[in-house]
Amino acid sequence: MITSFILPGQCRRHMIAPWHPDHPRRLDAIERQLALSGVARQLQHFDALPVAPDMLRLAHTPDYLALLADAADSDTPVALDEETLVNADNWDAARCAAGGVIKGVNQLFRNQADNVFCAVRPPGHHAEKAQGMGFCLINNVALAACYARRHYDIQRIAIIDIDAHQCNGTLDILAHDHDILICTLYQQGLYPWSSANENAPNVESLPLPAGSTGQQARDRCLHQWMPRIDAHRPELILISAGFDAHRDDPMTELAFDSGDYFDLTRDILAMAERHANGRVLSVLEGGYHLESLAPSVNAHLSAMIGLERP
């Protein structure tokens, strides 16, 4: 099993402010844990370059992209919301993150990797077609789906979002697209609170009450998602891999543990083996408590490599 680990260098340099939850320490903690566990030695490591600007139009409007580019040229950061700022560094990081997911799709369809994990920031799944929010500028998973369909002539894709926050951006861009099935779990009543597209026919929403455990979530996923995914027969599975449902993450009230991410990942891989020749591209989203983020990513990657549960 060849697992590609893509971490664009610019994603490490991006920092909004020392207080901001999406801090470079997130990537440092992940890399340190992977080294300590030995998982890092079993990964193929790659950097990534910024994506070509025209490529971003697959997921976002020209006016929104122009706004981001103009903001990056400003002498002071431009606020999209209270915690989502645009400056030259994070615009570069966002374009490199997008370049990372494009690289990952290419590796899968050129048979250079069996599965891929993109350790990128800023995250992406809150970014809508014409609006960035929730720390997100470019919707990496939506971009990967649009790119794979255009460049590799595939028809059916499944996006599985396991972040504790609803993927309003992914829904805004891809809801009502019958070739793309979106399965999303999230904590009820949490930011961004709701999306007008959550009941679209190609969306399987799984709102979870506060306190839900990973096993409870997994049981519901297997019951609700698996029949839809099997019927959809995706040729590619994309994971919006948020790790903020962990019981120690202060931004949510779910009760997952690190091992739950191993089990969920293994379930997703089994579906990919049935329908997509094993092709899975996983993209880092949330997860802001370093002591739970790092072992959770380690568990996720252990499953992708084919190791035993940590």
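Quick look at the values:
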| item | result |
| --- | --- |
| Residue selected from region 30-63 under the condition under 20 Å from the mean Cα position of the chain (by Cα) and not hydrophobic (A, V, I, L, M, F, W, C), by the criterion surrounded by the most Cβ atoms within 10 Å (Cβ to Cβ) | His60 |
| Breaking point among (1) outside any helix (DSSP H, G or I); (2) touching an Asp or Glu at 6+ places or on another chain (Cβ under 7 Å); (3) surrounded by 24 or more Cβ atoms within 10 Å (Cβ to Cβ); (4) not polar (S, T, N, Q), for Ala158 | (2) |
| In region 217-233, the residues that are in contact (Cβ under 8 Å) with a residue 12 or more places away in the chain, within 24 Å of Ser296 (Cβ to Cβ) and not small (Gly, Ala, Ser) | Arg218, Arg220, Cys221, Leu222, Gln224, Trp225, Met226, Ile229 |
| Hits in region 132-154 (condition: under 20 Å from Arg110 (Cα atoms), surrounded by fewer than 24 Cβ atoms within 10 Å (Cβ to Cβ) and not charged (D, E, K, R)) | Cys146, Tyr147, His151, Tyr152, Ile154 |
| Hey, Ala66 outside any loop (DSSP other than H, G, I, E, B), surrounded by fewer than 18 Cβ atoms within 10 Å (Cβ to Cβ) and among the hydrophobic types (A, V, I, L, M, F, W, C) or not | yes |
| The one condition in (1) assigned to a strand (DSSP E or B); (2) crowded, with 17+ Cβ neighbours inside 10 Å that Ala79 fails to fulfil | (2) |
| Selection within region 100-126 - aromatic (Phe, Trp, Tyr) and within 16 Å of Ile305 (Cα to Cα) | Phe117 |
| Leu181 without any contact (Cβ under 8 Å) to a residue 24 or more places away in the chain, more than 18 Å from Leu284 (Cβ to Cβ) and in a strand (DSSP E or B) | no |
| Any chance Val105 is under 17 Å from the mean Cα position of the chain (by Cα) and either free of Cβ contacts under 8 Å to residues at least 24 places away in the same chain or not in a helix (DSSP H, G or I) (or both) | no |
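Computed from the coordinates by the stated procedures, all read-outs in this text should not be read as laboratory data. Since the structure is predicted, the reported quantities are computational estimates derived from the model, not experimental observations. Quick reminder, even Gly has a Cβ in these numbers, built from the backbone with ideal geometry, and neighbours come from all protein chains shown.
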